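The values are calculated or read from the model by the stated rules, or taken from the named source; none is laboratory data. Predicted, not measured: the structure shown is a model, and the values here were computed from it. For neighbour counting, all protein chains shown are included, and Cβ atoms are generated from backbone atoms with ideal geometry for every residue, glycine included.
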Amino acid sequence: MNYFKDINSRKFFELAPGANAQTFWGEQMLMSIVHIDPNSVVPNHTHPHEQAGMLLEGSLDMKIGNESKLLKPGDVYIVPGGIEHYAQSSDDGAKVLDIFSPVREEFKY
């Protein structure tokens, strides 16, 4: 098993137009580093996985269920499985760290 990963050699895959991710996973969880271009939208969606995230760079307008918040670096969010959510970046784009449990098989590549 390779316990250490090199983010600089990891390719990106597209989550939505303007939102590209690099993912890394173990047996019980998956980490996703998402780069969101300026003024891009990750459309409303749901998934059965629990998601925890932190905004690393930029700003992001996020809605989870009926709650909305403009996120700034260091802000943390929790998305329960099955709850509809979306995000939209501002003029400076955004970089996000997301953790999913269980592993999102469709994010493995």
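Observations on the structure shown:
- Residues that are closer than 20 Å to residue 24 by Cα, more than 12 Å from the chain's Cα centre (by Cα) and surrounded by 18 or more Cβ atoms within 10 Å (Cβ to Cβ), drawn from segment 42-96: 49
- Within the set 94, 21, the sole residue that is at pLDDT 95 or above, within 18 Å of residue 109 (Cβ to Cβ) and touching a Leu at 6+ places or on another chain (Cβ under 7 Å) turns out to be 21.
- Scanning segment 63-84 for residues that are part of a strand (DSSP E or B), within 20 Å of residue 101 (Cα to Cα) and of a type in the set (A, V, I, L, M) turns up 64, 76, 78, 79.
- Those strands (runs of 3 or more DSSP E) lying entirely in segment 5-52 with at least 1 residues β-branched (Val, Ile, Thr): 19-25, 30-36, 41-45
- Check on residue 7, within 13 Å of the chain's Cα centre (by Cα), free of Cβ contacts under 8 Å to residues at least 60 places away in the same chain and surrounded by fewer than 19 Cβ atoms within 10 Å (Cβ to Cβ): no
- Selected residue [under 17 Å from residue 19 (Cβ atoms) and either at pLDDT 95 or above or not β-branched (Val, Ile, Thr) (or both)] from 78, 64: 64
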